[in-house]
Amino acid sequence: QVQLVESGGGLVQAGGSLRLSCAASGRSFSAYTMGWFRQAPGKEREFVAGISWGGGTIDYVDSVKGRFTISRDNIKNTVYLQMNSLKPEDTAVYYCAAKLGGLNYSPATFGSWGQGTQVTVSS
């Protein structure tokens, strides 16, 4: 398994931008499918964005398409989430997660999780 540490969260006004990073340690980061998830108070954890091991397949939840961009650097063992045009409804704790295998982005299929980073968007 890999160990994951997120950073880059914070407080931003609506319309602003943040870039989240997720640094991985452990073996064979480049073999892992990576995902970003978020959980708002009182809500279930939801998929936000995912990227295949080589970066060739990328998916987003509809609510962030055109605003968020996921990318990865397999040399630096890091996955990023660039978030632009942020909205108050994007407020949540954001988690990165890793899995071996396919592109099913159900949270239950991911075996490694970071501790999360808080993103707060004020109106």
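Each value in this text was obtained by applying a stated rule to the coordinates, not by laboratory testing. Remember, predicted model here, so these are calculated numbers, not experimental data. FYI the Cβ positions are ideal-geometry reconstructions off the backbone, even for glycines, and counts take in every protein chain you see.
Here are some notes:
- For segment 1-52, relative contact order (Cα pairs under 8 Å, six or more residues apart, normalised by length) works out to 29 percent.
- Of the GluC sites (Glu not before Pro) in segment 1-63, those whose Cβ has at most 10 other Cβ within 10 Å and which sit in DSSP loop: Glu44
- Proximal charge balance of Tyr95 [Cβ under 11 Å; K/R count +1, D/E count -1]: 0
- Candidate lysines - alpha carbon under 21 Å from Lys43, same-chain residues fewer than 8 apart omitted: Lys65, Lys87
- On the basis of the beta-carbon distance and an R0 of 30 Å, Ser85 and Val5 show a calculated FRET efficiency of 0.70.
- Phi to ³J(HN,Hα) by Karplus 6.51 cos²θ - 1.76 cosθ + 1.60 over segment 35-47, Hz, x for Gly, Pro: x, 10, 10, 9, 9, 8, x, x, 10, 6, 5, 10, 5
- Between the alpha-carbon centres of segment 1-55 and segment 67-123 there is a gap of 2 Å.
- Extending 7 Å from Cα along the Cβ direction at Ser17 and again at Gln39 yields two label points whose distance is 3.0 nm.
- Label point of Leu100 set 7 angstrom out along Cα-Cβ; within segment 34-69, amide nitrogens under 19 Å from it belong to 34-35, 51-55.
- Given 13 as the ceiling on other Cβ atoms within 10 Å, longest exposed-site-free region of the chain for trypsin sites (Lys or Arg not before Pro) in DSSP loops: 77-123
- Of all aspartates and glutamates in the structure, those lying under 18 Å Cα to Cα from Lys76, and not within fewer than 8 positions of it along the same chain, are Glu6.
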